[in-house]
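Okay, structure first, notes after.
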Amino acid sequence: MGLHGGAGTSLVTSLLAHVEHREMPWEAHDVGTAWPVAGGWARPRPPLNVVAVYRPHRAGVEAAERFARTWAKSALPDSQLLGIVAVDDGPKLLEAQKQAVRRIARMTPHGWHVPWNEEWRVAEPAFDAVPRRIRKTLRSIRKTVEEEGVHND
């Protein structure tokens, strides 16, 4: 779920769908910028696992802080927030941005960070060439989904 336009949800969704897995591939969907709730006739609705995504620029940080406060008030029903991902908006974060990323990560169950990758500005990610640090982050997200996420089997 993106917390604002241009948050990087399509990138994170695409990367998660291709990261190594232990058993079977699983689906990741970019749901736009609205809190996702399962559709259909089944009641109660099955909860969805949610990873929120933002960029650490001014508007993104403000959106992420608003979202984290809303989540902390238990005002986001029917799905489960697993954590929040900051996707860098440039090659070098300012100190204030780094502090904001750390602060927001502490406001949610888990916080992850995807650093800037210059090549992704002009080309789709080459999944076999994703930097080790980013692969480690993606595996951490997937592990959190497997261990802490809801499973609607």
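Quick notes on this one:
- Using a Gaussian network model of the chain in which every pair of alpha carbons under 10 angstrom is joined by a spring, one finds that among ALA100, ALA52, ALA75 the greatest mean-square fluctuation is at ALA75.
- Amide H contacts of GLN80 (H built 1.01 Å from N, in plane; Pro and chain starts excluded): LEU48, ASN49, VAL50 sit under 5 Å, all sequence-distant by 5 or more or on other chains.
- If you sort the three axes of the alpha carbon gyration tensor as a ≥ b ≥ c, you get a/c of 1.5 or more for the chain and a/b no higher than b/c, which makes it oblate.
- Where trypsin sites (Lys or Arg not before Pro) in DSSP loops with at most 16 other Cβ within 10 Å are excluded, longest remaining stretch of the chain: 93-153
- Rounded, prolate or oblate (a/c below 1.5 giving rounded, otherwise prolate when a/b exceeds b/c) for the stretch 86-153 by Cα gyration tensor: oblate
- Candidates PRO56, PRO131, PRO115: whichever shows maximal mean-square fluctuation once the chain is modelled as a Gaussian network with Cα springs under 10 Å: PRO131
- Per-residue ellipticity at 222 nm from helix content only, as computed over the chain with -39500 (n - 2.57) for each DSSP H run of at least four residues, stands at -11500 deg cm²/dmol.
- With at most 13 other Cβ atoms within 10 Å, longest stretch of the chain clear of loop GluC sites (Glu not before Pro) (DSSP): 28-153
Just so you know, all these numbers are worked out from the coordinates, no wet-lab data involved. Every value quoted in this text rests on a predicted model; they were computed, and no experiment measured them. Cβ sites come from the backbone with ideal geometry, for glycine too, and all protein chains shown count toward neighbours.
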